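Visitor: My questions will all concern the structure given below.
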Amino acid sequence: MTRMSWNKYFMEICKMVAQRSTCDRAFVGCVLVNKDNRIVSTGYNGSLAGNPSCDEIGHTMRDGHCIATIHAEMNALLYCAKEGISVKGTKAYVTHFPCLNCTKSLIQAGISEIYYLNAYRVDEYAVELLEKNGIPFTKIDC
Ligand SMILES: [Zn+2]
Ligand SMILES: [Zn+2]
């Protein structure tokens, strides 16, 4: 039996995390991993903690988007902000290529690398920012 790679290990966890999404418009998961291959945070698409979720009260739509939802990447980053956990240099595993706002936040928070599963609505400017800031982004299949 061949041993599971780190990439597969974290992406499988990421897929599991995504299943807890409460906004069924997108089941998205994010896992932040440090240099020692330890998970520092996880996040999925959902409403503010403690507030009613889309699967309970329906979506709150504006301009075709559900505005009640916090994206998985932001949830993962903001938990660290809340608890004082450094994310500098961590790798982000995401089930979907991050949207532009999440890409900017990941870069600004000091993420070193991105691994994604689905090339879903890849934003050209997000790609440009990642390239300009020297952040590798790699699609992995698992
Ligand atoms: Zn929603
Ligand atoms: Zn996003």
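The values are calculated or read from the model by the stated rules, or taken from the named source; none is laboratory data. Just so it is clear, the model here is predicted, and its values are computed rather than measured. Neighbour counts run over all protein chains shown; Cβ positions are idealised from the backbone, glycine included.
Visitor: Out of the residues in region 79-90 that are surrounded by fewer than 17 Cβ atoms within 10 Å (Cβ to Cβ) and of a type in the set (A, V, I, L, M, F, W, C), state the one that is farthest from ligand 2 (Cβ to nearest atom). Even if it seems obvious, please write down each step before you answer.
Guide: Initial filter on region 79-90 (surrounded by fewer than 17 Cβ atoms within 10 Å (Cβ to Cβ)): 81-86, 88-89.
Of the ones still in play, those that are also of a type in the set (A, V, I, L, M, F, W, C) are 81, 85.
Working: 81: 16, 85: 20 Å.
Top of the filtered list is 85.
Visitor: I've got another one for you. I'd like to verify a number: residues in region 52-78 that are more than 15 Å from the chain's Cα centre (by Cα) and either exposed (fewer than 11 other Cβ atoms within 10 Å of the Cβ) or not polar (S, T, N, Q) (or both), how many?
Guide: In the first step, residues of region 52-78 are kept if they are more than 15 Å from the chain's Cα centre (by Cα); the result is 52-68.
Applying the additional criterion that residues be either exposed (fewer than 11 other Cβ atoms within 10 Å of the Cβ) or not polar (S, T, N, Q) (or both) yields 52, 54-59, 61-68.
The total comes to 15.
Visitor: Something else about it: Within region 54-93, work out how many residues are modelled with pLDDT of 95 or more and either small (Gly, Ala, Ser) or on the phi > 0 side of the Ramachandran plot (or both).
Guide: Total satisfying the criteria: 7.
Visitor: List pairs: first in region 1-26 and surrounded by fewer than 16 Cβ atoms within 10 Å (Cβ to Cβ), second in a helix (DSSP H, G or I) and hydrophobic (A, V, I, L, M, F, W, C), Cβ under 9 Å, 6+ apart or cross-chain?
Guide: The qualifying pairs are 24/54; 25/54.
Visitor: Can you confirm whether residue 107 is free of Cβ contacts under 8 Å to residues at least 40 places away in the same chain and over 15 Å from residue 43 (Cα atoms)? Before the answer, list the steps.
Guide: On the way: free of Cβ contacts under 8 Å to residues at least 40 places away in the same chain: yes; over 15 Å from residue 43 (Cα atoms): yes.
Yes, satisfied.
Visitor: Are any residues in region 55-85 of a type in the set (Ser, Thr, Tyr) and within 11 Å of ligand 1 (Cβ to nearest atom), and if so, which ones? Quick ask: steps written out before the conclusion?
Guide: Kept after step one, since they are of a type in the set (Ser, Thr, Tyr), are these residues of region 55-85: 60, 69, 79.
Scanning region 55-85 gives 60, 69.
Visitor: Scan region 2-24 and tell me whether some residue there is within 22 Å of residue 108 (Cα to Cα), touching an Asp or Glu at 6+ places or on another chain (Cβ under 9 Å) and not in a helix (DSSP H, G or I).
Guide: The answer is no, given that none of the residues of region 2-24 is within 22 Å of residue 108 (Cα to Cα), touching an Asp or Glu at 6+ places or on another chain (Cβ under 9 Å) and not in a helix (DSSP H, G or I).
Visitor: So how many residues does region 14-40 have that are out of contact with any Phe, Trp or Tyr (no Cβ under 7 Å at 6 or more places or on another chain) and over 13 Å from residue 115 (Cα atoms)?
Guide: Residues meeting the conditions: 13.
Visitor: Among the numbered conditions (1) out of contact with any strand residue (DSSP E or B) (no Cβ under 8 Å at 6 or more places or on another chain); (2) part of a helix (DSSP H, G or I), tell me where residue 49 comes up short.
Guide: Unmet condition: (2).
Visitor: Looking at region 51-100 only, could you name the residues that are closer than 15 Å to residue 30 by Cα and small (Gly, Ala, Ser)?
Guide: 72, 76, 92
Visitor: Got a sec? Which of 125, 115, 93, 120 is surrounded by fewer than 16 Cβ atoms within 10 Å (Cβ to Cβ) and not in a helix (DSSP H, G or I)?
Guide: After applying the criteria, what remains is 120.
Visitor: Tell me which residues, restricted to region 27-40, are in contact (Cβ under 8 Å) with a residue 40 or more places away in the chain and either in a helix (DSSP H, G or I) or surrounded by fewer than 21 Cβ atoms within 10 Å (Cβ to Cβ) (or both).
Guide: Here is the first cut: in region 27-40, the residues in contact (Cβ under 8 Å) with a residue 40 or more places away in the chain are 27-35, 40.
Answer for region 27-40, where residues must be in contact (Cβ under 8 Å) with a residue 40 or more places away in the chain and either in a helix (DSSP H, G or I) or surrounded by fewer than 21 Cβ atoms within 10 Å (Cβ to Cβ) (or both): 27, 34, 35, 40.
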